[in-house]
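Heads up: the structure comes next, in structure tokens.
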Amino acid sequence: TTILAIETSCDETAVAIVKKRQVLSSIVTSQIETHRQYGGVVPEVASRQHLELLGEAIAQSLNQANLHPSQLDGIAATCTPGLVGSLLVGVMAAKTLALVHEKPFLGVHHLEGHLYASYLSDPSLEPPFLCLLVSGGHTSLIHVKTCGDYQTLGQTRDDAAGEAFDKVARLLKLGYPGGPEIDRLAQQGNPDAFPLPEGRVKLPNGGIHPYDASYSGLKTAVMRLVQKLEASESDLPVADLAASFQKTVVRSLVKRTIRCALDYNLSTIAVGGGVAANRGLRTALTAAAEAEGLRVLFPPMSYCTDNAAMIGCAASEHLSRGHTSPLTLGVRSRLPVSEAMSLYGQSQA
Ligand code: ATP
Ligand code: MG
Ligand code: FE
């Protein structure tokens, strides 16, 4: 199956062509520069930019893959979750292409894209596996039972891991997005310089939740530390702070992931989302998994953060099982990933 996939759920305008689990072309245009002046993503501005960039991205993607739309087996677009106006641009473009070229249309759940991004580094990967999903908006442990059947076993109670990286980066006066900056600085710092609290989630019986986590307390602890250090020292030890923060987040993620994989008897762990690019996480999780005899997979670096190749990958799994979406499918700002199968069902008119 060869799929053209479109991703416009937030501030990346992305188009890719994926053949089974192989990327034939992948275009990602980030709008970060545009939104930086406003200090965040402005939904109305984002939709307009998608509209301006998408046509060219589709043309480039087909060109690079050296394909004509008639050679595609399906057209996919992220239809949830995300900014409704932005999702609409991608979904309308995909439906139009599907209609004109008489191809099946697939509306894809964005998180399914992140779940399957590791297929791009190991095409032989098959469910069941445990996915550690660590993105800008989510931090979850998801049991991928089969394509379309997902159970969330653990999650953050407040900030997502990527969000914590971004907020701490802001406290350290680093650029946005903060994850890559902290990752880079952490390499030069001492991870034991500042002991920080790992956010534990209490159970009603007084115990500790084995898989859930909390990162807002950690962020507050860094904030207090920064205030204290700024009052007493001239130069903030940014590298040491970055290394100490990263070590704490990574330890929390690794501990919960390994515990969950062992408890549920899942011998393979696939990581997805922007934080999957973090070198500290890659090293620590790989070592911990090896020690327990578990296999861990990470997406190729460029497919950790938002891209359309991972959307094509998810669509390809569905299309190969005969799943297609009706052209009447709408977009939604939210939808639990456990309900991803509701996007398919009725066959095309
Ligand atoms: P979601 O998929 O939950 O809707 P999103 O699409 O915005 O959120 P992604 O694109 O998957 O999120 O990831 C972006 C996040 O990843 C940002 O918070 C960014 O700081 C973080 N990130 C990117 N690279 C790294 C890195 N090397 N280390 C840590 N965090 C990183
Ligand atoms: Mg983004
Ligand atoms: Fe994402």
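The values are calculated or read from the model by the stated rules, or taken from the named source; none is laboratory data. Just so it is clear, the model here is predicted, and its values are computed rather than measured. For neighbour counting, all protein chains shown are included, and Cβ atoms are generated from backbone atoms with ideal geometry for every residue, glycine included.
General remarks:
- Selection status of Leu141, in contact with a helix residue (DSSP H, G or I) (Cβ under 8 Å, 6 or more places away or on another chain) and closer than 26 Å to Leu294 by Cβ: yes
- Applying the criterion of being touching a residue at least 24 places away in the same chain (Cβ under 8 Å) and within 13 Å of ligand 2 (Cβ to nearest atom) to the residues of region 166-190, the residue that is farthest from the chain's Cα centre (by Cα) is Tyr176.
- A Cβ distance below 8 Å, combined with a sequence gap of six or more or placement on separate chains, defines the contacts here; from region 154-165, residues that are of a type in the set (Ser, Thr, Tyr) reach residues that are part of a strand (DSSP E or B) in the pairs Thr156/Thr139; Thr156/Ser140; Thr156/Ala213.
- Among residues of region 261-281 being within 30 Å of Gln188 (Cα to Cα) and more than 16 Å from ligand 2 (Cβ to nearest atom), the one that is nearest to the chain's Cα centre (by Cα) is Val271.
- Hey, Leu241 closer than 22 Å to Arg200 by Cβ and buried (at least 24 other Cβ atoms within 10 Å of the Cβ) or not: yes
- Counted residues, region 303-349 - those being under 19 Å from Ile3 (Cα atoms), of a type in the set (D, E, K, R) and either touching a helix residue (DSSP H, G or I) at 6+ places or on another chain (Cβ under 6 Å) or surrounded by fewer than 16 Cβ atoms within 10 Å (Cβ to Cβ) (or both): 1
- Screening Leu120 against (1) within 28 Å of Ser26 (Cα to Cα); (2) out of contact with any Cys (no Cβ under 9 Å at 6 or more places or on another chain) leaves a single unmet condition, (2).
- Taken over region 1-45, the residue count meeting the criterion of being within 24 Å of Ala117 (Cα to Cα), within 16 Å of ligand 3 (Cβ to nearest atom) and among the hydrophobic types (A, V, I, L, M, F, W, C) is 8.
- Of all the criteria given as (1) within 16 Å of ligand 3 (Cβ to nearest atom); (2) farther than 22 Å from Asp159 by Cβ; (3) more than 10 Å from the chain's Cα centre (by Cα), the one not satisfied by Ser121 is (1).
A quick yes/no check of all residues on (1) more than 11 Å from ligand 2 (Cβ to nearest atom); (2) at pLDDT 95 or above; (3) over 19 Å from the mean Cα position of the chain (by Cα); (4) surrounded by 19 or more Cβ atoms within 10 Å (Cβ to Cβ):
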{"residue": "Asp11", "(1), (2), (3), (4)": "no, no, no, yes"}
{"residue": "Ala16", "(1), (2), (3), (4)": "yes, yes, no, yes"}
{"residue": "Arg21", "(1), (2), (3), (4)": "yes, yes, no, yes"}
{"residue": "Glu44", "(1), (2), (3), (4)": "yes, no, yes, no"}
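- Residue among Gly217, Gly206 that is more than 16 Å from ligand 2 (Cβ to nearest atom) and at positive phi: Gly206
- Evaluation of Tyr264 against (1) in contact (Cβ under 8 Å) with a residue 40 or more places away in the chain; (2) more than 19 Å from Pro210 (Cβ to Cβ) (one fails), failing number: (2)
- Candidates Gly179, Gly175, Gly162, Gly154 - the one that is touching a Ser or Thr at 6+ places or on another chain (Cβ under 8 Å) and not in a strand (DSSP E or B): Gly162
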